[in-house]
1. Of the listed peptides 396-405, 209-218, what is their order by residue-averaged count of other C-beta atoms within 10 Å, with the highest listed first?
2. Rounded to the nearest 500, what is the chain's calculated 222 nm mean residue ellipticity when only DSSP H runs of at least 4 contribute -39500 (n - 2.57) each, over all residues?
3. For the residue pair residue 58 and residue 206, what label-to-label distance in nm results when each label sits 7 Å from Cα along the Cα-to-beta-carbon direction?
4. Could you let me know the centre-to-centre spacing of the stretch 422-484 and the stretch 163-197, using Cα atoms, in angstrom?
5. Among DSSP beta bridges whose residues both lie in the chain, state the antiparallel percentage, nearest 5.
6. What's the extension gain from residue 347 to residue 75 if we count 0.36 nm per residue and subtract their Cα-Cα distance?
7. Could you point to the label whose value was computed as Cα Rg over 2.2 N^0.38 Å for the structure here, given (1) 0.96; (2) 1.02; (3) 1.12?
8. How much of the DSSP bridge set in the stretch 102-295 is antiparallel, in percent, rounded to the nearest 5?
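Just so it is clear, none of the values below were taken in a lab; they were calculated from the coordinates. Since the model is a prediction, treat every value here as computed from it, not as a measurement. As a convention, Cβ positions derive from the backbone with ideal geometry for all residues, glycine included, and neighbour counts pool all protein chains shown.
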Amino acid sequence: MTHHAVKHSARADKPPVAPIAAIRIIVALATIGAGSTTLRGQEVRSQFIDHSLLIAPEYPSTWPSPPFPRFQLMHERVIGPTSPYNVDVLLIDGNTGTQLDVPPHSVARPDLKREKSGPLGLAYTDKIEPWQFGGEACVVDVRDLLDQAPKGVSPLVKPEHVVRFEKQHRPVRFGDVVLFRSDYSDKYYRPGPEGSRFIADALDRKVPGYPDPDPDCMELLGKRGVLTLGTDSASMGPLPDLAEPTHFAGLKYGMIWTEGATNLNALPPTGAFYCLLGPKHEGGPYSEGRAFSVAGGDLPKRLIESCKNKRVVDLSPTLSPKLPLTSPGIGTGHHRQVYLKVDFLYSEYLDLWHHTHLMDAMAGTHLVPPTYALPPTGSKTEYAPEVRGWLEEYEKKYGPRGHSDITTEKVPLSWTAGRLRVIDVRSLIGSTDKKTWPASPEITPAHIQAVEKASGDLQLGDIVLFRTGHLDTHLKPQPNDAGVWSDPLQGKSEGWPAPSPDAIVYLKSKGIRCVATDAPDLGGVDPRRALMTYWALGSKEMVGVEFLHNIGNLPAGKEAYFLFAAVKVRDCHGGPGRAIVLY
């Protein structure tokens, strides 16, 4: 934060399946796993720790000063007679909850030729290299500063606080994520009236401000080569008048940082892997995000080394109003909320608009939690007659569809992280009969078993990613955007390969929690088949990660680890995020 200023509605017959031998297999990883070490005869396993604030209307999730917009979650469609899915829309500003700041927040574009201009003025959230998101957490304890200042004034973290840490532990350096721990958010991020203490009361000079580094501290870290920071304060900008000097002092070095982290007390002073992932907004000077760490075992060291050596691949397409990021549906009135950029505050010096976004909760790379297709526990669901028929067919073969309360914020971070197994199904393209369109080639258990026979069995906790090549081929801006959704849904072209319910059930039997795809979704273009696939995912307590690309840039034969995290929005039935692979 800163005080600166129905998804498918057409059906088709089951398409023919390409011969199993035709599936070209790519397995991206063989050995990296959850990570564990032995300490005095006891196994030490790696643990995922969440450092993200819960985003909900009654929490102080957004910057309270006008004209910053308030966060809104809208349940646009709910499971019932008019929709078999829960469909949500978000109005969300990059200064919401736990968030990412990047250099253009304070560094002007080079073409402006101003005092603070430079190339880093173009390093928006969609341009930052993904290796910079993570590194070794170095927790600088500044709890002695909490509330130790006059009202409306921030206690300052100075160079000597960093030096104190270095004397106690080790010098900070390139590849570290320096985290300032004051426990401010842990103490003051509260719902309702109490929540005003988090930001508003400090701005109104009723209480001391949140602890933050001064410009000299930023200069020290910049000269040490540190490029990633974090604070559990509401902003990295000290009150009342050092916000911009501190921001620029760090951002001019190319730093990025987390604002609004929490739960830093769960980390050791050094040794844990820390990461912040957030949606990839085009031209964004900041973004809402999800911060987490991995501690214990041998996994943190592997991930730290990958980031430090810049061995990271970004799998998320850029979010832009010019791109087809959400389904247009079939027929008028069935489209999902398109991704919109809404300007609300102009910065004359930066020649840049602060902006929020109105977007479907499944725009771009996103999470599919069980509650996307499953109704709440204890509820009675009235479907449309056609969907009731599909449900009877589904339950006869697969058992009860079930219910779920697992919305986005309840999905464990460990479910969407793990050893990556890429299954290349591009040879299925062209295997359907045009007469059956709209239809998607179906990925079956036999296809997965062929991969296992050639490259080893899937293991508990693996992330299975189906490589279809669909978005790499078709994701283009208007007016050449019909190939992603419109043409396949309307039967003008073949749909993208998608797993059958049987494939999902088989993956669950192998201990798989998360299934990903570089296609628009895991369902395909046949609404009956799609809904059954999502029912299978939900009833097996599995999740999906959809709308990936760039799989071809993964290095062949290298160990790889998949990380995805969705923004922590309470009661959300989707969730935008960012997916990266470390190798």
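1. Values: 396-405: 13.9, 209-218: 24.5.
Highest to lowest by the protection proxy: 209-218, 396-405.
2. Numbers: 12 runs with 104 residues, N = 583.
It comes out at -5000 deg cm²/dmol, rounded to the nearest 500.
3. Placing both labels 7 Å beyond Cα along the Cβ direction yields 1.8 nm.
4. Measuring centre to centre over Cα atoms gives 43 Å.
5. Details: 58 of 90 bridges.
If we restrict to bridges inside the chain, about 65 percent are antiparallel.
6. Numbers: separation 272, 0.36 × 272 = 97.92 nm, distance 3.29 nm.
Once the chain is fully extended between residue 347 and residue 75, it gains 94.6 nm.
7. (1)
8. 35
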